[in-house]
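Following: one structure in structure tokens, then a few remarks.
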Amino acid sequence: MTSIRDLLSSSPDGRTLTVKGWIRTKREAKNAVFLELNDGSCMANLQCVLDAASGLSETLRAELVRCGTGASAAVTGTLVASPAAGQAVELKVSGLEVIGEAPAESYPLQKKNHSLEFLREIAHLRARTNTFGAVARMRNQMAYAIHSFFQERGFQWVHTPVITASDCEGAGAMFQVTTLDLDALARAGKPVDYAKDFFDKKAYLTVSGQLNVETYCMALSRVYTFGPTFRAENSNTTRHLAEFWMIEPELAFAELEDNIALAEDFLKHLFAWALDKCAEDLAFFDKRIQSGIVDTLSSVVKSKFARMTYTEAVKELEKHASEFEFKPYWGCDLQSEHEKYLTEKVVGGPVAVTDYPKEIKAFYMRLNPDGKTVRAMDVLVPRLGEIIGGSEREYRHDVLLARIRELGLPEEAYSWYLDLRRFGTAPHCGFGLGFERLLMYVTGMQNIRDVIPFPRAVHQADF
Ligand code: 4AD
Ligand code: MG
């Protein structure tokens, strides 16, 4: 079956064909009936025209009555040049079969221009709108572009586990996985014994594939993971999900500067891909969601990302302390308002901020000679703040062990991770790109819940 996308770019050769999709609108004029048919292959609809000048057949008229907004239909006709502006070709209809009706009085998308909030409540139907169709196509293209980027550069895709017994980031915001009947234990007043649980110990959903992927990095040199990750942080913001997808490349025999260069090339590849492969959807985002997004993406592709240390960043922020709700000081975790200020006002484009205080970063980051900061890097972009977080890893066994002890982390649980430093250790680094943050950036959508089909966030796990 030919997609509408293909039909719209083919020549009006008069061939007869049947096209299937969903009716977006039906408009009845004096001598013709116009049906806008959409199959999701692209934003544009196929205009299907029924010539009513000499009257429509009984069958066609009966089908037209059932053929309202939202109905699925098979439309047969010939592909001809469109006399009207707006499209090069249209379908001159000879046959119409409604496959599934969508009763006007109950179909939630009967009217146009619903709010994004309302559409979030009907997540099972929202893909049928222009906005969510475009987001879905962009999401698909970005996933493809991610694999193309790494595959072309010799990175191997490694599948890291979703269930884990260790807390990679040491952040403690994990979802627990158990097969114990906690209700029954509570009713019986019995204590929970995790030795009797499925894995003989407590288990969780992973917050990051990084520690696991590092093991393959120390064998295959260039690797990446791309999969779902879970965080039970109670952050009810427009930038946080409880279930999100993350891309985490890991690079052996490499240092922080290589990591930043990789992140920069990576983002530019993705933006260039979006401009090239999603032009129609991007034009829509530019017009309806975020004005100027096409120009922004094009200019970022040509730009050089700025670099700045955390210490420089804080100095800059302190000069404008009065503009922030949270006063910046050396040692503070950068807040979203600080990140946005740096990238939007100070730099005016993407910036890689490096060398953060060790206290606010994960245990595995390489300690700098100053003993106070680590070789961390966050990439910040306008509108969003942090889009990428990464670092050079601490590859010196004794320094890493000391850090694990200093933080009181369970040494035993990290013994396999320490083994990587015991046997054939090497400088390595990597980063994590939040897939939905990327999608927010390239679509201009302002709520992360609108760039994933079925968002899971605090208080929200419907559909
Ligand atoms: O900065 P984060 O926590 O870094 C890591 O997880 C490292 N293990 C990555 C690595 O070095 N391999 O998360 C990385 C990115 C963030 O920059 C952000 O884009 C995204 O993941 N992210 C979230 N996206 C949506 N919802 C959340 N709750 C997110 N938390 C992080
Ligand atoms: Mg981070």
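Quick note: the coordinates plus some simple rules give every number you see, no bench work behind them. None of these values were measured; they are calculated from a predicted model. Reconstructed Cβ throughout: ideal geometry from the backbone, glycine too, with neighbour counts over all protein chains shown.
Apply the a/c threshold of 1.5 to the C-alpha gyration tensor of the stretch 186-251 and tell me whether it is rounded, prolate or oblate.
Oblate is the answer for the stretch 186-251, as a/c is 1.5 or above yet b/c matches or exceeds a/b.
Taking each full run of DSSP H in the chain as one helix, which ones are at least 30 Å long along their axis (Cα atoms) and have mean Kyte-Doolittle hydropathy of at least 0.0?
Span-like helices, by this rule, are 256-277.
How about the stretch 300-346: which chymotrypsin sites (Phe, Trp or Tyr not before Pro) there lie in a loop by DSSP and see at most 14 other Cβ atoms within 10 Å?
Taking the stretch 300-346 and a limit of 14 other Cβ atoms within 10 Å, the loop chymotrypsin sites (Phe, Trp or Tyr not before Pro) found are F324, F326, Y329, W330.
For the stretch 114-168, just say rounded, prolate or oblate: build the C-alpha gyration tensor, square-root its eigenvalues into a ≥ b ≥ c, call rounded for a/c under 1.5, and beyond that prolate if a/b exceeds b/c, oblate if not.
oblate
So which lysines can K112 reach, going by Cα to Cα under 19 Å and dropping same-chain residues fewer than 8 places off?
K26, K287
Largest first, please: the extent of the C-alpha atoms of the stretch 377-440 along each principal axis, to the nearest Å.
Principal-axis extents of the stretch 377-440 (Cα, largest first): 41, 25, 16 Å.
Which FRET efficiency value, to the nearest 0.05, is calculated for E280 and A188 with the Förster distance at 45 angstrom and r the Cβ-Cβ distance?
According to the calculation, E is roughly 0.15.
What are the extents of the Cα atoms of the stretch 126-450 along their three principal axes, in Å, largest first?
Largest first, the stretch 126-450 extends 59, 51, 46 Å along its Cα principal axes.
Return the Rg/Rh value of the stretch 108-240, two decimal places, where both radii are evaluated on C-alpha atoms and Rh is the Kirkwood radius.
In the stretch 108-240, Rg relative to Rh is 1.09.
Could you give the length gained by full extension between E255 and N140, i.e. 0.36 nm per residue of separation minus their alpha carbon distance, to one decimal place?
Roughly 38.3 nm would be gained on extension.
Pulled fully out, how much extra length does the chain show between V65 and D51, if you take 0.36 nm times their separation in residues and subtract their Cα-Cα distance?
3.5 nm
How about the stretch 1-67: which trypsin sites (Lys or Arg not before Pro) there are in a DSSP loop, with at most 14 other Cβ atoms within 10 Å of their Cβ?
Passing both the DSSP loop test and the Cβ count: R15, K30.
In nanometres, what is the gap between the two model label sites at E121 and Y107, each 7 Å from Cα along Cα-to-Cβ?
Rounded to a tenth, the inter-label distance reads 2.1 nm.
In a Debye calculation with equal point scatterers on the alpha-carbon sites of the stretch 286-387 and no solvent, what is log10 I(q)/I(0) at q = 0.17, 0.24 Å⁻¹?
-0.79, -1.26
Decide, for the stretch 4-100, between rounded, prolate and oblate: order the square roots of the alpha carbon gyration tensor eigenvalues as a ≥ b ≥ c, take rounded if a/c falls under 1.5, and otherwise choose prolate if a/b is larger than b/c, else oblate.
Verdict is oblate for the stretch 4-100.
Checking the table K327/K361; K268/K361; K327/K372; K268/K372 against a 23 Å threshold on Cα-Cα, which pairs fail?
K268/K361; K268/K372
Which one, T25, V89, G40, projects farthest toward the positive side of the charge dipole computed for the stretch 4-100 from Cβ point charges (K/R +1, D/E -1)?
T25
Determine the calculated [θ] at 222 nm for the chain from helices alone, applying -39500 (n - 2.57) to every DSSP H run no shorter than 4 residues and normalising by the residue count; nearest 500 deg cm²/dmol.
-9000 deg cm²/dmol
Straight distance only, please: which aspartates and glutamates reach the Cα of K302 with their own Cα at less than 14 Å, same-chain residues fewer than 8 apart left out?
In chain and number order, the partners are E264, D265.
Hand me the chymotrypsin sites (Phe, Trp or Tyr not before Pro) from the stretch 157-253 located in a DSSP loop with no more than 16 other Cβ atoms within 10 Å, in residue order please.
Those satisfying the criteria are F175, F198, F199, F253.
Using DSSP loop states and a limit of at most 11 other Cβ atoms within 10 Å to flag GluC sites (Glu not before Pro), what is the longest stretch of the chain containing no flagged site?
Longest run free of exposed loop sites: 106-324.
Leaving out same-chain residues fewer than 8 places away, which lysines sit with a Cα under 26 Å from that of K201?
Leaving aside lysines fewer than 8 places away in the same chain, those within reach of K201 are K190.
Specify the inter-centroid distance of the stretch 371-387 and the stretch 261-340, based on alpha-carbon positions, in whole Å.
When both Cα centres are located, 11 Å separates them.
For a Förster distance of 35 Å, can you work out the FRET efficiency between the beta-carbons of A321 and N447, rounded to the nearest 0.05?
0.75
Taking the Cα atoms of the stretch 254-301, report the difference between the largest and smallest coordinate on each principal axis, in whole Å and largest first.
Principal extents (largest minus smallest coordinate, Cα): 42, 18, 14 Å.
To the nearest 0.05, how large is the calculated FRET efficiency for S3 and A165 if R₀ is 45 Å and r is the Cβ-Cβ distance?
So the FRET efficiency works out to roughly 0.50.
How far is it, in nm, from the label point at L407 to the one at V458 when both lie 7 Å from their Cα along the line to the Cβ?
Between L407 and V458, the simple spin-label model gives 2.2 nm.
Just report the Cα centroid separation between the stretch 402-434 and the stretch 64-130, whole Å.
54 Å
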